[in-house]
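The values are calculated or read from the model by the stated rules, or taken from the named source; none is laboratory data. Here the structure is a predicted model, which means the values were calculated and not measured. Quick reminder, even Gly has a Cβ in these numbers, built from the backbone with ideal geometry, and neighbours come from all protein chains shown.
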């Protein structure tokens, strides 16, 4: 079996996945890019298993395991994205940086800016 075609396809899939992770700002598009990365790894595992004529089929076993992990990752990731979209109205990753609570990772939230209270002189001028 020639391994050039599947390995080239896997390299292209991996490159597109890395590009999608670095450039996209939508969380669903980033999850799709992660799936491309995992599919490229699956293709490499199956290709090398067939190339080396593995009698135990360990490449296929690892591929099935990786597909299971990818399915769980997709389900959990989509649940988080849907909750984020429901609460904020957008699935942009840049807006999701404020998900932590106070004290998480030693960080504190900045208080929201409040307008200064009106003084007695301001109230008198407004009348």
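Residue 57 meets the conditions (1) within 23 Å of residue 5 (Cβ to Cβ); (2) in contact with a helix residue (DSSP H, G or I) (Cβ under 7 Å, 6 or more places away or on another chain); (3) at pLDDT 85 or above in every case but one. The failed one is (3). Is it the case that some residue within the stretch 80-91 is outside any helix (DSSP H, G or I) and in contact (Cβ under 8 Å) with a residue 12 or more places away in the chain? Looking for residues that are outside any helix (DSSP H, G or I) and in contact (Cβ under 8 Å) with a residue 12 or more places away in the chain, one finds at least one in the stretch 80-91, hence yes. Counting only residues that are over 18 Å from residue 73 (Cα atoms) and modelled with pLDDT of 85 or more, the stretch 25-49 holds 7 of them. Tallying residues that are in a helix (DSSP H, G or I) and touching a strand residue (DSSP E or B) at 6+ places or on another chain (Cβ under 8 Å) within the stretch 1-59 yields 1.
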